[in-house]
Amino acid sequence: MHQYEILKERIKKQIFSGEFTPGELLPSEQFLSNENSLNRHTVRRALEELHREGYIRRQKGRRSEVIQRHPRLGLLSFKGFSEVLAYNDKKIRSAYIQEPEIIEWPETFFFSLSEEEKKQPAVFLERIRYLEENPVMLEKTWFSAGNKKSILEKPFERGSLFTTLQVSYNIEIKDVIQDIRAIKGDKRTCNHLQINSQEPVLYLSRKYVTNMPDFYVYSQLYVNTHEYSISNDNY
């Protein structure tokens, strides 16, 4: 590891531990240089990397300022919302916009369906997912109804579709194929996420691969990133 990387990681640990707090100015380049027995060029590169990664704000002629980082939601993993945040001490809940129902597959779908899937109607549901009573995600989900119509008869296990599929049908999520892009939220989506109309929304289209051949779960996720950034883990 290069010297600038060692210094960068050391300062990151100090930020995570609270030794340097948001809004606080870091020591000067000269101080960091003397304290760590490094030349100014090495110190400057470490600070530039911290700025690029979003930990500090570089200010010409002034010391660098530690900035407030958004907590992360691990929604890029292939686990469901409930599973991702299950260990977290924050309150999570879901509210149905559309409770699970059997419908025909949309004529235009965001992933190609297999011939076997096309033979069956779909189970469709739409939910708002809340974290600490803040709406963070609008989620639309489809999967082939087949012999799974009984899934409509009672609430999901622990509020989780994936847990219900595993407990009731021995179906496990193994992987996810996903596309991610930023879009302007339409009025309906923005209303549900409690943000201004036409504000940017993170859009994820997903195809969950399971341990059952020709059975997939499809989701469209619209994520409000005002308070949380999106990652493959949480902190």
Inset, instruction - Can you check what the net charge comes to around residue 51, using other residues whose Cβ is under 11 Å from the Cβ of residue 51 (Lys, Arg +1; Asp, Glu -1)? - result: +2
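How large is the Kirkwood hydrodynamic radius of the chain, in angstrom, based on all distinct alpha carbon pairs? Before the final figure, lay out the partial values.
Values: mean 1/r = 0.0486 Å⁻¹.
Kirkwood radius, the chain: 20.6 Å.
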Legend entry - From phi via Karplus (6.51, -1.76, 1.60), per-residue ³J(HN,Hα) for region 143-152 in Hz, x at Gly/Pro: 7, 5, 5, x, 9, 9, 5, 5, 5, 7
Legend entry - Of 154, 140, 118, the one that fluctuates the most in a GNM where the chain has Cα springs shorter than 10 Å: 154
Legend entry - Placed amide H near residue 111: partners under 5 Å, 5+ positions off or other chain: none
Legend entry - Accessible-area value, residue 109, 1.4 Å probe, nucleic acids and ligands omitted, Å²: 40 Å²
Inset, instruction - Grab the DSSP H runs of the chain that are 4 residues or longer, score each as -39,500 (n - 2.57), total them, divide by all residues and round the 222 nm result to the nearest 500 deg cm²/dmol. - result: -7000 deg cm²/dmol
Inset, instruction - Could you list which residues have their amide H under 5 Å from that of residue 57, counting only those 5 or more apart in sequence or on another chain, with H placed in the peptide plane? - result: 65, 66, 67
Legend entry - Carbon + sulfur, % of accessible area of the chain - ligands and nucleic acids excluded, 1.4 Å: 46 percent
Inset, instruction - Just need the Rg to Rh number for region 104-167, please, alpha carbons only, Kirkwood Rh. - result: 1.01
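Grab the other residues whose beta carbon is less than 15 angstrom from that of residue 113, score K and R as +1, D and E as -1, and report the net.
-2
Within 12 Å, Cβ to Cβ, of residue 1, how many net charges do the neighbouring residues add up to if Lys/Arg are +1 and Asp/Glu are -1?
Cβ neighbours under 12 Å give a net charge of 0.
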Inset, instruction - Using amide H atoms built 1.01 Å from N in the peptide plane, name the residues 5+ places from residue 120, or on other chains, whose amide H lies under 5 Å from its own. - result: none
Inset, instruction - Using the Cα centre as the reference, give the magnitude of the dipole from point charges on the C-beta atoms of the chain (Lys, Arg: +1; Asp, Glu: -1; all else neutral), rounded to the nearest 20 debye. - result: 800 debye
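The values are calculated or read from the model by the stated rules, or taken from the named source; none is laboratory data. The structure displayed is predicted, hence computed values, not measured ones. Glycine gets a Cβ as well: all are built from the backbone with ideal geometry, and neighbour counts include every protein chain shown. Protein only, heavy atoms only, side chains kept; ligands, DNA and RNA dropped before computing areas. Shrake-Rupley method; radii C 1.70, N 1.55, O 1.52, S 1.80 Å.
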